[in-house]
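Before any comments, here is the structure.
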Amino acid sequence: DGVAQGRGIKCTLCTKALKKIQALAGDNPDKAAVAAALQKGCQVLGRAMGRLCQRLVKKYQDQITDGLQNGDMPRDICNAIGICQS
């Protein structure tokens with residue numbers, strides 16, 4: 001159905017964005033490194049996806065930051081914030 005499909009697209013976007021952000025933040029990032037990576041990570045996705053990405057990042061910044069600092073995988077973080085279904 002449409003909802004599951006929409007969620008699938010969001011899940012893919014979330015995972016892609018977090019992979020990018022994780023790469024930009026580097027290993028063992030502090031809060032400032034994650035914050036900078038969140039800004040840059042969304043910009044490289046292009047305008048439409050970038051806007052979605054920024055909305056996602058703003059809403060879940062704390063969970064994303066914690067997840068990245070804990071070394072969680074992007075897909076696990078997206079599951080944790082309820083965007084992806086495990």
Seminar exercise, completed: Condition set among the small types (Gly, Ala, Ser), in contact with a helix residue (DSSP H, G or I) (Cβ under 7 Å, 6 or more places away or on another chain) and at pLDDT 90 or above, scope the stretch 21-58, selection surrounded by the fewest Cβ atoms within 10 Å (Cβ to Cβ): answer is Gly26
Seminar exercise, completed: Across the stretch 59-86, the tally of residues that are in contact with a helix residue (DSSP H, G or I) (Cβ under 8 Å, 6 or more places away or on another chain), assigned to a helix (DSSP H, G or I), surrounded by fewer than 17 Cβ atoms within 10 Å (Cβ to Cβ) and not aliphatic (A, V, I, L, M) stands at 5
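The values are calculated or read from the model by the stated rules, or taken from the named source; none is laboratory data. If you're wondering where the values come from, they're calculated on a predicted model, not measured in any experiment. So basically every Cβ, Gly included, is an ideal-geometry build from the backbone, and we count neighbours across all protein chains shown.
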